[in-house]
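To start, the structure itself, in structure tokens.
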Amino acid sequence: MSFFGNLFKSKEESVLGVDIGSSSLKVVQLRREHGQAVLETYGELALGPYAKREVGQATNLSPEQLTETLKDLLHEAKVTAVDCGVSIPFARSLLTLVDLPYRNDPKEQKTVVELEARKYIPVPMSEVQLDWFIVPDRDAIPGVPPKQKSKVEVLLIAVHSNELKLLQTVTAGAKLKTSFYEIEIFSTIRAVVDEPVKPVMVLDIGAGTTKTYIVERGVAVLSHAINAGSQDITRALAASGDLSIPRAEALKKEKGLSGKSSNSQELVFSRIFSEAHRVLTQYETAHNKTITSIVLTGGGGITKDLCTYAKKMFSINVRVADPFVKTEAPAFIRPVLQEIGPEFAVAVGLALRKLEEKS
């Protein structure tokens, strides 16, 4: 649990990013002042205890339990904003990149996409909300007119209607006004990826799974889920050191890979990184391009010395995400924000989009 009290009296309307994860809830409240995003408050609340499980463990709470937990978090973090954007878990969505016939007329293009999407969505279209957009030409050369094309890359995005209904129930129950729901991958990219052209890999190490994204020209051109996450690291640490889960969770954050039981953690991280490396190599080979850097984010991204270990595994530039760098905040809390930043990437990304809506 972590909270930062509201140190500012809002001069302009504040906005909120709400990240509903499997192991915790996170909120970030921002306002815009003199063209800058100003951090007003943030907070995190572990869901494990609400499901009679340990902190850091993935849960599956009912809408009623999630609502009460969110209300507790809003109260404890002294949140004053009600206008918000809310995350959709990557696991509850479908993203797929497809080549479709190109049409000059936007209405015709829309018809083509909606007809073709049926081939790629594994459930009836009546059960999902569909969105899509055309991916910018990844091989375009600045200043050179684009070639006439017969095909176009389209990113299809589908979310099950039941998932949206759950989120709507939870946020309405907490008396929040939600203007958009966004798959967490897009929030993360907005918060932590600054490279405008070259491909970058994002490793989002969540509680139950690790999400791997390759981002090029600001667009997720590949996504892959790895069935291992930070809770597996905690369990391995607990088993190897004969520790309780809470103690192992605390030790993971305090000592990380520099602790005496680092071997057990390295085994899990090695499995995660090996699969991520396979995805990276596959992409580079298929597209004849080089991934320029890797960004570590998610709860597992805060593991001490993980960045150093990852650099050895990948032999390219690796950095830990610092989404709060895009916000104004008092200097004395910067070290704390930098340390916890990977956990708050989604919530910061949501709040930044919400600010853009109001500008």
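Numbers below:
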| quantity | calculated |
| --- | --- |
| For region 271-287, Karplus couplings with θ = phi - 60° (6.51, -1.76, 1.60), whole Hz, Gly/Pro x | 5, 5, 5, 5, 5, 5, 5, 4, 4, 4, 5, 4, 5, 4, 5, 5, 10 |
| Candidates per trypsin sites (Lys or Arg not before Pro) in region 256-359, loop by DSSP, up to 10 other Cβ within 10 Å | K260 |
| Trypsin sites (Lys or Arg not before Pro) within region 50-95: DSSP coil, no more than 13 neighbouring Cβ in 10 Å | K52 |
| Given the chain, longest segment not containing exposed loop GluC sites (Glu not before Pro) (DSSP; at most 16 other Cβ within 10 Å) | 14-359 |
| For region 215-223, Karplus couplings with θ = phi - 60° (6.51, -1.76, 1.60), whole Hz, Gly/Pro x | 10, 9, 6, x, 10, 6, 8, 7, 9 |
| Cleavage-rule hits, trypsin sites (Lys or Arg not before Pro), region 173-203, DSSP coil, Cβ neighbours within 10 Å at most 16 | K175 |
| Qualifying lysines (Cα of each under 26 Å from Cα of K304; at least 8 residues distant if same chain) | K26, K211, K252, K253, K255, K260, K312, K326 |
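Read the figures in this text as sums done on the coordinates, not as results from a lab. Computed from a predicted structure; not experimentally measured. Neighbour counts run over all protein chains shown; Cβ positions are idealised from the backbone, glycine included.
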